[in-house]
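Chemist: There's a structure below that I have some questions on.
Read the figures in this text as sums done on the coordinates, not as results from a lab. As the structure is a computational prediction, the values presented were derived from the model and not from experiment. Counting neighbours? That spans all protein chains shown, and the Cβs are built from the backbone with ideal geometry, glycine included.
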Amino acid sequence: MEQANEYHVASFVAQINVSHQEDIERAINQIPRAEIHAISTNGKVVFTIEATRHDIINEAIEAIRYQTGILTLAPVYHQYLIEE
């Protein structure tokens with residue numbers, strides 16, 4: 001049986017220490033298919049990650065959540081589609 005193609009997109013909001021903003025932006029931008037959509041002056045970062053498997057997103061978030069300067073990291077939305 002042929003395996004279905006998965007598509008995942010997940011969005012997140014991080015509260016950061018603004019003194020680490022450049023490092024955090026760099027870390028997020030190094031994730032394949034990640035995109036930063038907004039950064040506020042008070043340290044909120046909104047970003048998405050797209051992937052073909054959920055574990056890819058999990059691994060990326062595990063790496064980001066321990067980045068120096070991340071105060072909180074919260075998932076906002078996760079869309080999961082299967083193309084057959």
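Chemist: Restricting the calculation to Cα positions, tell me the Rg (one decimal) and the Dmax (whole number) of the chain in Å.
Modeler: 13.8, 51
Chemist: With the contact rule set at Cα under 8 Å and sequence spacing of 6 or more, what percent relative contact order holds for the stretch 5-83?
Modeler: Taking the mean separation of contacting Cα pairs over the length of the stretch 5-83, I get 51 percent.
Chemist: Can you order the peptides 12-19, 53-60 by their average number of other Cβ atoms within 10 Å per residue, highest first?
Modeler: Top to bottom by mean Cβ count within 10 Å: 12-19, 53-60.
Chemist: If neighbour count is taken as other Cβ atoms inside 10 Å, put 49, 36 in order from fewest to most.
Modeler: 36, 49
Chemist: Peptides 27-34, 61-68: what's the order by average Cβ count within 10 Å, highest mean first?
Modeler: Going by the mean number of other Cβ atoms within 10 Å, highest first, we get 27-34, 61-68.
Chemist: Give me the net charge for the shell around residue 52: Cβ to Cβ below 11 angstrom, other residues only, Lys and Arg +1, Asp and Glu -1.
Modeler: Local net charge: -2.
Chemist: Scan around residue 69 for amide H atoms under 5 Å from its own, H built in the peptide plane at 1.01 Å from N, and keep only partners 5 or more places away or cross-chain.
Modeler: none
Chemist: Here's another thing I want to ask about it. Work out, step by step, the length gained on full extension between residue 76 and residue 53: first 0.36 nm times the residue separation, then minus their alpha carbon distance; give nm to one decimal.
Modeler: Working it through step by step, the gained length comes to 6.5 nm.
Chemist: For residue 35 and residue 17, compute 0.36 nm times the residue count separating them, minus their Cα-Cα distance, and round to one decimal in nm.
Modeler: Extra length from residue 35 to residue 17 when fully extended: 4.5 nm.
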